[in-house]
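What follows is a short report on a single structure.
Nothing in this text is a laboratory measurement; each read-out follows from the coordinates by a stated rule. On a predicted model such as this, the values are computed, not experimentally measured, just so you know. All Cβ positions, even for glycine, are placed from backbone atoms using ideal geometry, and neighbour counts span all protein chains on display.
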Amino acid sequence: MRLSIVHRTAYQYDAAVSFGIQYLRLTPYANASQRVIRWTVEAPGKLTRWTDAFGNSCDTLIFDDPGDRIEIVAAGEVETSDTTGVLPDEQGGVPVETYLRPTPLTDADETVADFAAPHAEAVSRDRLDGAHRIATAIRDRIDYREGATDVQSSASEALRNGYGVCQDHAHVFIAVCRALHIPARYVSGYLHVADRDAPAPAGHAWAAVWIEGLGWVSFDVANRTCGTECYVGTAVGLDYESACPMRGIREGGESAERLSVSVDVREKRRPAS
Amino acid sequence: MTRFFDEMSLPDGEVRGAYRALAQWLEDTPVERLKSKRDEAEMLFRRLGITFLVYGQEGGAERLIPFDIIPRIFSAREWEHLSAGLIQRVRALNMFVHDIYHEREIIRAGALPAETLLANALIEPHMHGLDVPRDVYVHVAGIDIVRVAEDRFYVLEDNLRSPSGVSYMLENRNTMMRLFPDLFASVDVQAVEHYPQELLRNLRATAPAGVDDPTVVVLTPGSYNSAYFEHAFLADQMGVELVEGQDLTVRDGQVLMRTIEGLKRVDVIYRRINDEFMDPLVFRPDSTLGVPGVLSVCRGGRVTLANAFGTGFADDKSIYPFVPDVIRFYLSEEPILENVETYVLRKPDDLAYTLEHLPDLVVKEVHGSGGYGMLVGPMSTAGEREAYRARILDCPENFIAQPTLALSHCPTFVDEGIAPRHVDLRPYVLSGETVSVVPCGLTRVALTEGSLVVNSSQGGGTKDTWVLDS
Amino acid sequence: MTMLGRTANQLYWMARYIERAENMARLIDVANRMVLLDVPGQAHESVWGSTLEVAGYPEDFVTFGGQISSSGVVLFLAFDDGFPSSIFSSIRAARENARALRVSITSEMWESINTTWLELRDYDSRTLFNGGVRDFCDWVKERTHSFRGVTDATMLRDESYAFLDMGLAVERADNTARLLDSKYHVLLPRDEHVGGSVDYYQWGAVLRSLSAFRAYHKIYSDVIEPRRVAELLLLRGDMPRSLMACFDRIAGQLESLCQGRPQECQRIAGEIHASLRFGRIDDIFRQGLHEFLTRFIARNADLGAQIEHDFMMLQRSRIPV
């Protein structure tokens, strides 16, 4: 499937921002399920490309021309194929065991541990099957509800709340898998939804677990599915903090920040010949 | 009762060779003169402002670390043994850090368990696959040593993140030379004043590839930090700029310093700020101490941090028991310095043994430092042991235990006169062009009679440390 | 090795704060004397009111809740730790800067400012009202003179010195201009001609507060007359607290700092310097002294900001995005 993606992020300030620096993780990686045809990142400042330890293509964005509006546009085309959610190639330089360590957002506290315990047996019998059961159980437990949580919400909070967005589902899934000694990682990226006619207000996030002999298997817990050709990943990491599309600081613009995001993912149909 | 090794005298009371001149001098010097010299020393330290801030006290009180005027002395032969062991250990630890962030051969060879190691929160994922100049991660190491017998030196702890105290080592010598020029005239003590130049040479040697005349800076959290004096001292002695995070900025894939002549590139940052505060774009977002974007410059190979990110796992108390194996694995040599036998309470057998032998053991928190939160068995009351036992059982993996070491003692000038007090030693090992150690160290002394806790935060003092020429 | 912008900033502000403390002491001293003199037609309230105005923050005093009385104003201007220009706040800020600058200044300078701070902190403000205001003001002046003496005698004449010197001069020029301006427009009666005994005392007080009373008589050997007071304090380079003397310093320091690297601040300083150097007092009075001073104060502030911009590149507070 050929997907055409436009991802706009705009920050608006009441007072001018004099300097800012951000790490952007907005460029899709290449692997068995996705091939980048063309891709650009545009921003009002200077971009320096680097690769982080997880193998993500990052840009450091510096803006030092004072302004009250900053718009970042990532856009391009990606050719995807369905690998039933399995990615055999390990693209980063981080050892798989790294994905066992808990982070503040995926800490296996008592709530998480209690939730994980009943799945231990299934996991020890068959990891992949266990992971499917965990994914289903999480989705049954946590309603999809937008705007009820934010990026600071931890897996444990989402479990206790019983509601959240795709990011919360991913964090809970990761926390539970790690508690059961399955390496699990966070993926941020884009999702093509066939019947959506308006751009989405945010990107998408899901998770992947490492199954020895198979590779990384993607789980979109929120949508009760494994990865398909509708998914384009841009960054992987331990959790939202290390895989988020952008993170930075600014100097100036002390007043409130208004953020608007639009993500447009369309299938690009080849003209009928 | 334990027999403690006496640094100055042999069991029959005869003075060791290295201490002979000092012993004679002490005998010739009236106590009144020693007292007046001690007061003079204190005045010098106060005037120079060699103070440290005591956290937790109101207003962050500035305090002097007590200085003892009687030096601790090593013969050339003793030092040769000790320094060879230190250099060996730090070489191996540097190779260990490199290996963990690259091929992980030590894990493949089965010498260390993969999961406990790689899931260790002190391993910095962002260091994986990153090459650093000359493969040096630990530019400055402070290795804590205790002596229990003639040729038996134990390593108590490796400090591989941002060890402090070297300014005291240098100022102690400086003060001693001012106070007792006559003493130095009669004894050949190896010089130590070149430490800052050695540090600078090693820092420059690890500048990013292609930089001819590297700019080195010392990065401090600021003038409110307890070790600010030391940061300013080292920058001053090396003749480099002392900067705070706000003085540095990242542009065009480089770290730049804000000067009165505009932005100037910085190549090597000797930083005295912990990893988690260094880059708010990856670590703690609320940190105002660090340099936003510095990680991207590190990954691009355009700046050297000393010490590198992610060295903390290698001095973690949970890794400590493996260090002798680390030395054997990378160097195919037997360790010259001994490790203290360590019970890892995560292991049920070790836990059981420890709980049975609490009165004989020292129990420490895995992530603790500065002598806080530990139980010194032989010095503890039954009540303290019971309280500690509960803490251990609550979370055994947070603790390790070691036998109580019979720390050597050294004559010390205290209120009662000259009396033995227990000492340890922190030498500073530098890596860069080579691995080296200046012939000195910071000797810490427990000023309370019988005490084995030498930490300055717990009422310890310091002494000048002499290594004799021959 | 080139200097950090932040270090330059700390040196510059340390000097400004020291100078500010001294100016405040002078201001208090003169007002206190005028109140004691009991000048006819001059109520105490208006003396202290105008003093607060020169200090730049009359509204602060209102929020401070004090009635305008000698003791209240003196306490406020000297010791209020919430008032940023009080002597207490200025010395504290100078000492904080000095503490961070330990490697950049001489140990004598540090000891001088540190001693001042320790003594000030232990100062018993009650003694002020047993006739001690004058003693206190003398003590402040003596300490700031001592600091400058130590600076002069021990500090290498490099960029560090240049920033200290500029800080002093920018702050001093601002103070002299404000003092002159406040006296001028407060005192000039709408329709009357300037003159008379009230004016004598007022202008005399201005001269005294700037240590220029004797100099005036030496130079002019005549009665005190506003035009000459203004000339002395604006245009005469030999009068150390005059605007001209301040700008001789600033222009000289910028000349050496900007060698080969022209900066906007140097242009601004040159422009102000020229207006003082080639200005005529009659022209200034024709255009209006108040207008001249208002413009000067604004331009001097512009210069201060431009010096910070050109040399110090300060980081503003960081906000996570």
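Under 10 Å, Cα contacts only: if you run a Gaussian network model on chain C, which one of C:G260, C:G279, C:G132 comes out with the highest mean-square fluctuation?
Sorting by GNM fluctuation, first place goes to C:G260.
Beta carbons within 10 angstrom, averaged per residue: use that to sort the peptides A:27-36, C:146-155, highest first.
Details: A:27-36: 18.1, C:146-155: 16.5.
Packing proxy ranking, top to bottom: A:27-36, C:146-155.
Which of A:I182, A:I134, A:I37 moves the most in a Gaussian network model of chain A with Cα springs under 10 Å?
Largest GNM mean-square fluctuation: A:I37.
For the protein assembly as shown, rounded, prolate or oblate, judged on the Cα gyration tensor with a ≥ b ≥ c (square roots of eigenvalues), a/c < 1.5 rounded, else prolate if a/b > b/c?
Numbers: a/c = 2.29, a/b = 1.27, b/c = 1.79.
Oblate shape, in that a/c is at least 1.5 and b/c is the bigger or equal ratio.
Which value, in debye to the nearest 20, describes the size of the charge dipole of region C:1-154 about its Cα centre when Lys and Arg Cβ atoms bear +1, Asp and Glu Cβ atoms bear -1, and nothing else is charged?
Details: 15 positive and 20 negative charges, 96 e Å.
With only Lys, Arg, Asp and Glu charged at Cβ, the dipole is about 460 debye.
Among the listed pairs C:K183/C:K218; B:K35/B:K364; C:K141/C:K218, which have their C-alpha atoms separated by more than 31 angstrom in this model? Don't jump to the answer; show the numbers that get you there.
Values: C:K183/C:K218 22 Å; B:K35/B:K364 37 Å; C:K141/C:K218 23 Å.
Correct reply: B:K35/B:K364.
How big is the Cα convex hull of region C:156-313 in projection, averaged over all directions, in nm²? All intermediate terms of the calculation are to be shown ahead of the outcome.
Details: hull surface 39.5 nm².
If you wrap the Cα atoms of region C:156-313 in a convex hull and average its projections, you get 9.9 nm².
Hey, can you grab everything whose amide H is under 5 Å from the amide H of B:W466? Only 5+ residues off in sequence or another chain; H modelled, so Pro and N-termini drop out.
Long-range HN contacts for B:W466: B:R72, B:I73, B:F74.
Where the only charges are on Cβ atoms (+1 Lys, Arg; -1 Asp, Glu), what is the dipole of region B:327-371 about its Cα centre, to the nearest 20 debye? Working shown, then result.
Values: 4 positive and 9 negative charges, 46 e Å.
The dipole of region B:327-371 has a size of about 220 debye.
Charges on Cβ only, +1 for Lys and Arg, -1 for Asp and Glu, centred on the Cα centroid of the protein assembly as shown; of C:G304, B:V218, C:V321, which one is farthest towards the dipole's positive end?
Going by the charge dipole, the pick is C:G304.
Among the GluC sites (Glu not before Pro) within region B:381-470, which fall in a DSSP loop and have no more than 16 other Cβ atoms within 10 Å of their own Cβ?
Details: sites: B:E384, B:E386, B:E397, B:E416, B:E433, B:E449; in loops: B:E416, B:E433, B:E449.
Loop-located and lightly packed - B:E416, B:E433, B:E449.
Taking a cut-off of 12 Å between Cα atoms, list the aspartates and glutamates near B:K37, but don't count ones fewer than 8 places away on the same chain.
The reachable aspartates and glutamates, counting only those whose Cα sits under 12 Å from B:K37, are B:D68.
Ignore the peptide's own chain and count Cβ atoms of other chains within 10 Å of each Cβ in B:286-296; give me the average, rounded.
On the way: counts 2, 3, 4, 0, 1, 1, 15, 9, 0, 6, 10.
Per residue, the number of nearby Cβ atoms from other chains is 5 on average.
Can you tell me which lysines have their Cα less than 25 Å from the Cα of B:K264? Leave out same-chain residues fewer than eight positions away.
Those lysines meeting the cut-off are A:K46.
List the GluC sites (Glu not before Pro) within region B:291-351 that fall in a DSSP loop (any state other than H, G, I, E or B) and whose Cβ has at most 15 other Cβ atoms within 10 Å. Spell out each step's value before the answer.
Values: sites: B:E333, B:E338, B:E341; in loops: B:E333, B:E341.
Hits after loop and neighbour filter: B:E333, B:E341.
Which peptide among C:98-110, A:146-158 comes first, and what is the full order, when sorted by highest mean count of other Cβ atoms within 10 Å?
Details: C:98-110: 18.9, A:146-158: 17.0.
Taking the mean over residues of other Cβ atoms within 10 Å, the ranking is C:98-110, A:146-158.
For a test of the definition: using alpha carbon positions, the gyration tensor, and the 1.5 limit on a/c, classify region B:342-404 as rounded, prolate or oblate. Present the calculation step by step, with values, prior to reporting the outcome.
On the way: a/c = 1.34, a/b = 1.12, b/c = 1.20.
Rounded.
Residues with amide H under 5 Å of A:D239's amide H, sequence separation 5 or more or different chain, H placed in the peptide plane at 1.01 Å from N; which?
Those lying under 5 Å, H to H, from A:D239 are A:Y186.
In which sequence would B:R91, A:R8 go, from the one with the fewest C-beta neighbours within 10 Å to the one with the most? Mind showing how you got there, number by number?
Values: B:R91 19, A:R8 16.
Neighbour counts put them in this order, fewest first: A:R8, B:R91.
How high is the FRET efficiency from A:E42 to A:S81, r the C-beta distance, R0 22 Å, rounded to 0.05?
Details: r = 28 Å, r/R0 = 1.26.
The value I calculate is 0.20.
Round to the nearest 10 and give me the degree value, 0 to 90, for the angle of helix A:127-141's Cα axis relative to the longest principal axis of chain A.
70
Taking chain A as a Gaussian network, where each spring joins two C-alpha atoms under 10 Å apart, which residue of A:Y11, A:Y240, A:Y186 fluctuates the most?
For chain A, modelled as a Gaussian network with Cα springs under 10 Å, the answer is A:Y11.
Please rank A:K268, B:K317, fewest neighbouring Cβ atoms within 10 Å first, as an exposure proxy.
Details: A:K268 13, B:K317 20.
So the residues, fewest neighbours to most, are A:K268, B:K317.
Across the residues of B:113-121, average count of Cβ atoms on other protein chains within 10 Å?
Numbers: counts 0, 4, 5, 1, 2, 9, 10, 3, 3.
Per residue, the number of nearby Cβ atoms from other chains is 4 on average.
Treating only the Cβ of Lys, Arg, Asp and Glu as charged (+1, +1, -1, -1), what charge dipole size does region B:342-404 show about its Cα centre? Round to the nearest 20 debye.
Numbers: 6 positive and 9 negative charges, 20 e Å.
Roughly 100 debye for region B:342-404.
Which residue, A:A158, B:L82, C:H145, has the largest displacement toward the positive end of the dipole of the protein assembly as shown when charges sit on each Cβ (Lys, Arg +1; Asp, Glu -1)?
Going by the Cα projections, it comes out as C:H145.
Taking amide H positions as placed in the peptide plane 1.01 Å from N, state which residues far from A:F19 in sequence (5 or more) or on other chains have amide H under 5 Å from it.
The answer is A:E251.
Per-residue HN-Hα couplings for region A:221-226, Karplus 6.51 cos²θ - 1.76 cosθ + 1.60 at θ = phi - 60°, whole Hz, x for Gly and Pro?
With the stated coefficients, region A:221-226 comes to 4, 4, 9, 6, 8, 8 Hz.
Let me know the mean shielding of B:248-260 by other chains, meaning the per-residue number of their Cβ atoms within 10 Å of its Cβ. Show your work: numbers first, answer last.
Details: counts 2, 7, 4, 7, 4, 6, 1, 0, 1, 5, 11, 12, 17.
So the per-residue partner count for this stretch is 6.
Per-residue ellipticity at 222 nm for chain B, helices alone: DSSP H runs ≥ 4 residues times -39500 (n - 2.57), over residue total, nearest 500 deg cm²/dmol?
Values: 14 runs with 144 residues, N = 470.
Using -39500 (n - 2.57) per qualifying helix, the result is -9000 deg cm²/dmol.
If you take the charge dipole of the protein assembly as shown about its Cα centre, with +1 on Lys and Arg Cβ and -1 on Asp and Glu Cβ, which of C:A21, A:T9, C:A215 is farthest toward its positive end?
C:A215
So for each of A:69-77, C:290-298, B:117-125 I average, over its residues, the number of other beta carbons within 10 Å; can you give me the resulting order with the highest mean first? Each step should come with its number before you reach the end.
Details: A:69-77: 18.2, C:290-298: 16.6, B:117-125: 19.8.
In decreasing order of mean packing, A:69-77, C:290-298, B:117-125 become B:117-125, A:69-77, C:290-298.
What do you get when you divide the Cα radius of gyration of region A:2-267 by 2.2 N^0.38 Å, with N the number of residues?
Output field value: 1.00.
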